[in-house]
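Please read the structure below before turning to the comments.
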Amino acid sequence: MSNRAVELPIFAEGIVGFGPPPAASPYLVGGHCSSCDRWYFPRVDRCRHCHVTLEPGSLGSRGTVYSYTIVRTKPPLGLPQPYAVAYVDLADRPLRIFMLTDPVKTDDIAIGQAVELAVTPLGVNRHGEPCRRPYFKPVTPPRIR
């Protein structure tokens, strides 16, 4: 990724962190309730169960596709057409999240597939400015359908 691309803002601040250089691998940032041990993504201020203030925490960067859909209508915010979204069961936390999948491999996504987080320039933010977005990309080849 070019230096200019790295300077682009993340679509929504506070949802992605980056490990130390040189790899600077991305990971999801969520909220953790130390009282009832629940995790949230994206992070909210208070636990919806016990109302304790949440602490930020890493959710990791890997998961498994639980379900997905390919959207073939006109996309919002400069996303490619078509684009895919998936529910992903995270490997490091007891949490299922909803997120974009690899825009280049839209037709390769499959239920049960291992995925990992990536961040790339993709679309625009709410102000119409180019931005970077997190998405899950396949780690394993798709299963035969």
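Just so you know, all these numbers are worked out from the coordinates, no wet-lab data involved. In this text the structure is predicted, and so the values were computed from the model without any measurement. Here the Cβ positions follow ideal geometry from the backbone for every residue, glycine too, while neighbour counts run over all protein chains shown.
Filter the range 18-56 for residues that are of a type in the set (Gly, Ala, Ser), free of Cβ contacts under 8 Å to residues at least 24 places away in the same chain, out of contact with any Pro (no Cβ under 9 Å at 6 or more places or on another chain) and closer than 24 Å to ARG132 by Cα and give the result. If you could, list the steps in order and put the result at the bottom.
First, pick out the residues of the range 18-56 that are of a type in the set (Gly, Ala, Ser): 19, 23-25, 30-31, 34-35.
In the following step, the residues that additionally are free of Cβ contacts under 8 Å to residues at least 24 places away in the same chain were identified as 19, 23-24, 34-35.
From what's left, out of contact with any Pro (no Cβ under 9 Å at 6 or more places or on another chain): 23-24, 34-35.
ALA23, ALA24 - these are the residues of the range 18-56 that are of a type in the set (Gly, Ala, Ser), free of Cβ contacts under 8 Å to residues at least 24 places away in the same chain, out of contact with any Pro (no Cβ under 9 Å at 6 or more places or on another chain) and closer than 24 Å to ARG132 by Cα.
Condition test on ASP37, is it acidic (Asp, Glu) and in contact with a Ser or Thr (Cβ under 8 Å, 6 or more places away or on another chain)? Walk me through it before giving the result.
On the way: acidic (Asp, Glu): yes; in contact with a Ser or Thr (Cβ under 8 Å, 6 or more places away or on another chain): no.
It is false that ASP37 is acidic (Asp, Glu) and in contact with a Ser or Thr (Cβ under 8 Å, 6 or more places away or on another chain).
Out of the residues in the range 114-140 that are under 15 Å from SER61 (Cβ atoms) and small (Gly, Ala, Ser), state the one that is surrounded by the most Cβ atoms within 10 Å (Cβ to Cβ).
ALA118
Can you tell me which residues in the range 67-99 are of a type in the set (Phe, Trp, Tyr), surrounded by 14 or more Cβ atoms within 10 Å (Cβ to Cβ) and out of contact with any Lys or Arg (no Cβ under 6 Å at 6 or more places or on another chain)?
Quick first cut of the range 67-99, residues of a type in the set (Phe, Trp, Tyr) only: 68, 83, 87, 98.
Those still in the list that are surrounded by 14 or more Cβ atoms within 10 Å (Cβ to Cβ) too: 68, 83, 87.
The answer is TYR68, TYR83.
Given the options LEU28, LEU90, name the one that is touching a strand residue (DSSP E or B) at 6+ places or on another chain (Cβ under 6 Å) and within 20 Å of LEU122 (Cβ to Cβ).
LEU28
Across the range 100-111, which residue is surrounded by the most Cβ atoms within 10 Å (Cβ to Cβ) among those that are over 18 Å from GLY60 (Cα atoms) and not basic (Lys, Arg)?
Across the range 100-111, the extreme among qualifying residues is ILE109.
Among TYR68, TYR40, which is farther than 16 Å from PRO94 by Cβ and among the hydroxyl-bearing types (Ser, Thr, Tyr)? Before you say what the answer is, go through the steps one by one.
On the way: TYR40 fails: farther than 16 Å from PRO94 by Cβ.
Of the residues listed, the single one that is farther than 16 Å from PRO94 by Cβ and among the hydroxyl-bearing types (Ser, Thr, Tyr) is TYR68.
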